[in-house]
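*Asks:* Quick one: this structure, given as structure tokens, is what I'll be asking you about.
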């Protein structure tokens, strides 16, 4: 049965490759009819949810903050009688509040990043008796990378070890801390080598879009750790307490804060899995140098990646392998053949599995297909064009009201307002209605 599915998301306009790949996969591979509606806050007044068989809320829209989906929009979702599906990521934050939102909207199906063995600990049947729960990865093999006509041979790559990370808040625990501490440890234990290294966790040195692909393609190897967090903050209190501590005592180390606040919480629930960065590297034939871990049971050490002990006790052996071009090329080719070209890890296979789950849940929950679904012309003209027109009207109204077009100072304000318009549609609709010219 082919369903009409409203796909709610916040489709990035920049270089967020992983999010765009995930969203595009639904549009490209689903056998259902996907109506993508990228929106923040309130829904368009012209949007009629009753004309869809099902609604997917994508992980790019967080249920924790009204900025993404307003209270009014959440009430509309609650009243919707069709099948409701939720994809979530970053599930370590305010878990109790997330569960409350799931209960309020009455979602039918949840796709979570928690491993199968952990799902019941977080989303228990006692609390969510009617919710169907399925594990999925944070990302899959990007088809466009796996189909590149040529990959640079190892001998042609300029950088021996490359990496870009980010400083993660301490309250996420040891696993998240490793994402940037691996840089400090590498510099400490592998400083006296002749390797060409380009690694950083500084925000101003991050790389995006095609520049990231070019950078990764120029690296023989790239560092990596498991994705996720080792501390689950059910109430949000840990985040507040530790953020406050770090702001007032920035000199305190992670180990000190871990001892004070996190020790009893570390590792109680596992949110660890393979990162989309691993799939990107494999698809580009860049060899992974990874901390020892599970990696969702997909990657085999010494076959798909070079294992690095977290205390760097095997760093000499790792460096020797990095210097062995033939060894690297063989590992890159093996990982590419067994992972990047394996349909099991493709977005196409993932979406077909999602399709089957949705169809099965639709039947099991005795949902009925709508009689008057949107046509493409109606959806484009009534919803998408209406939203674009509204943004233009608000921008013009604000500019004319503030008389800022010919003033350098206000030109800067104009730029900021333009950005806000893209981010806060519902707020600006309210502003527009209140402005009297």
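*Asks:* Here are 71, 45, 12: which of them is more than 26 Å from residue 213 (Cα to Cα) and either buried (at least 18 other Cβ atoms within 10 Å of the Cβ) or modelled with pLDDT under 95 (or both)?
*Replies:* Sole residue among the options that is more than 26 Å from residue 213 (Cα to Cα) and either buried (at least 18 other Cβ atoms within 10 Å of the Cβ) or modelled with pLDDT under 95 (or both): 45.
*Asks:* While we're here: Can you confirm whether region 120-132 contains a residue that is under 25 Å from residue 284 (Cα atoms) and either buried (at least 17 other Cβ atoms within 10 Å of the Cβ) or in contact with a strand residue (DSSP E or B) (Cβ under 6 Å, 6 or more places away or on another chain) (or both)?
*Replies:* No, region 120-132 contains no residue that is under 25 Å from residue 284 (Cα atoms) and either buried (at least 17 other Cβ atoms within 10 Å of the Cβ) or in contact with a strand residue (DSSP E or B) (Cβ under 6 Å, 6 or more places away or on another chain) (or both).
*Asks:* Check residue 268 against each of (1) out of contact with any strand residue (DSSP E or B) (no Cβ under 8 Å at 6 or more places or on another chain); (2) modelled with pLDDT of 95 or more; (3) surrounded by fewer than 18 Cβ atoms within 10 Å (Cβ to Cβ) and name the one condition it does not meet.
*Replies:* (2)
*Asks:* Out of region 294-318, which residues are over 22 Å from residue 142 (Cβ atoms), touching a strand residue (DSSP E or B) at 6+ places or on another chain (Cβ under 7 Å) and either buried (at least 16 other Cβ atoms within 10 Å of the Cβ) or modelled with pLDDT under 95 (or both)?
*Replies:* 306, 307, 308, 318
*Asks:* Anything in region 310-328 that is touching a helix residue (DSSP H, G or I) at 6+ places or on another chain (Cβ under 8 Å) and in a loop (DSSP other than H, G, I, E, B)? List them, or say none.
*Replies:* Hits for region 310-328 are 310, 312.
*Asks:* Name the residues in region 220-254 that are more than 30 Å from residue 300 (Cα to Cα) and assigned to a strand (DSSP E or B), would you?
*Replies:* 233
*Asks:* Now for a separate question. Scan region 149-194 for residues that are farther than 22 Å from residue 312 by Cβ and out of contact with any strand residue (DSSP E or B) (no Cβ under 6 Å at 6 or more places or on another chain) and jot them down.
*Replies:* Residues satisfying the conditions are 149, 150, 151, 152, 153, 155, 156, 158, 169, 171.
*Asks:* The conditions are (1) within 21 Å of residue 226 (Cα to Cα); (2) part of a helix (DSSP H, G or I); (3) touching a helix residue (DSSP H, G or I) at 6+ places or on another chain (Cβ under 7 Å), and residue 306 fails exactly one of them. Which is it?
*Replies:* Here residue 306 clears every test but (2).
*Asks:* Right, another one. Restricting region 161-172 to residues that are outside any helix (DSSP H, G or I) and in contact with a helix residue (DSSP H, G or I) (Cβ under 6 Å, 6 or more places away or on another chain), which is nearest to residue 211 (Cα to Cα)? I'd like the intermediate steps shown before the answer.
*Replies:* So in region 161-172, the residues outside any helix (DSSP H, G or I) come out as 161-169.
Now restrict to residues that are in contact with a helix residue (DSSP H, G or I) (Cβ under 6 Å, 6 or more places away or on another chain): 165, 167-168.
On the way: 165: 15, 167: 21, 168: 23 Å.
The extreme case among them is 165.
*Asks:* Any residue at all in region 261-282 that is in the same structural domain as residue 327 (by TED's automatic domain parsing), without any contact (Cβ under 8 Å) to a residue 12 or more places away in the chain and closer than 22 Å to residue 333 by Cα? Break it down into steps so the answer makes sense when it comes.
*Replies:* Of region 261-282, the ones in the same structural domain as residue 327 (by TED's automatic domain parsing) are 261-282.
Keeping just the survivors that are without any contact (Cβ under 8 Å) to a residue 12 or more places away in the chain gives 263-264.
After this cut, where a residue has to be closer than 22 Å to residue 333 by Cα as well, the list is none.
No, region 261-282 has no match at all.
*Asks:* In addition: Residues that are more than 19 Å from the chain's Cα centre (by Cα), without any contact (Cβ under 8 Å) to a residue 60 or more places away in the chain, closer than 30 Å to residue 358 by Cα and in the same structural domain as residue 324 (by TED's automatic domain parsing): does region 196-204 have at least one?
*Replies:* Checked against the condition, which is being more than 19 Å from the chain's Cα centre (by Cα), without any contact (Cβ under 8 Å) to a residue 60 or more places away in the chain, closer than 30 Å to residue 358 by Cα and in the same structural domain as residue 324 (by TED's automatic domain parsing), region 196-204 yields no hits at all.
*Asks:* Tell me, which residue of region 174-196 that is assigned to a loop (DSSP other than H, G, I, E, B) and surrounded by fewer than 17 Cβ atoms within 10 Å (Cβ to Cβ) is modelled with the lowest pLDDT?
*Replies:* Residue satisfying both the conditions and the ranking: 192.
*Asks:* With the checklist (1) assigned to a loop (DSSP other than H, G, I, E, B); (2) within 29 Å of residue 142 (Cα to Cα); (3) out of contact with any helix residue (DSSP H, G or I) (no Cβ under 8 Å at 6 or more places or on another chain); (4) without any contact (Cβ under 8 Å) to a residue 60 or more places away in the chain in hand, flag the one item residue 331 doesn't pass.
*Replies:* Just one mismatch for residue 331, condition (1).
*Asks:* Same structure, new question: Can you tell me which residues in region 1-15 are more than 23 Å from residue 49 (Cβ to Cβ) and touching a residue at least 60 places away in the same chain (Cβ under 8 Å)?
*Replies:* 13, 14, 15
The values are calculated or read from the model by the stated rules, or taken from the named source; none is laboratory data. The shown structure was predicted, so the numbers you read here are calculated from the model rather than taken from an experiment. With ideal geometry, Cβ positions are generated from the backbone for all residues, glycine too; neighbour counts draw on all protein chains shown.
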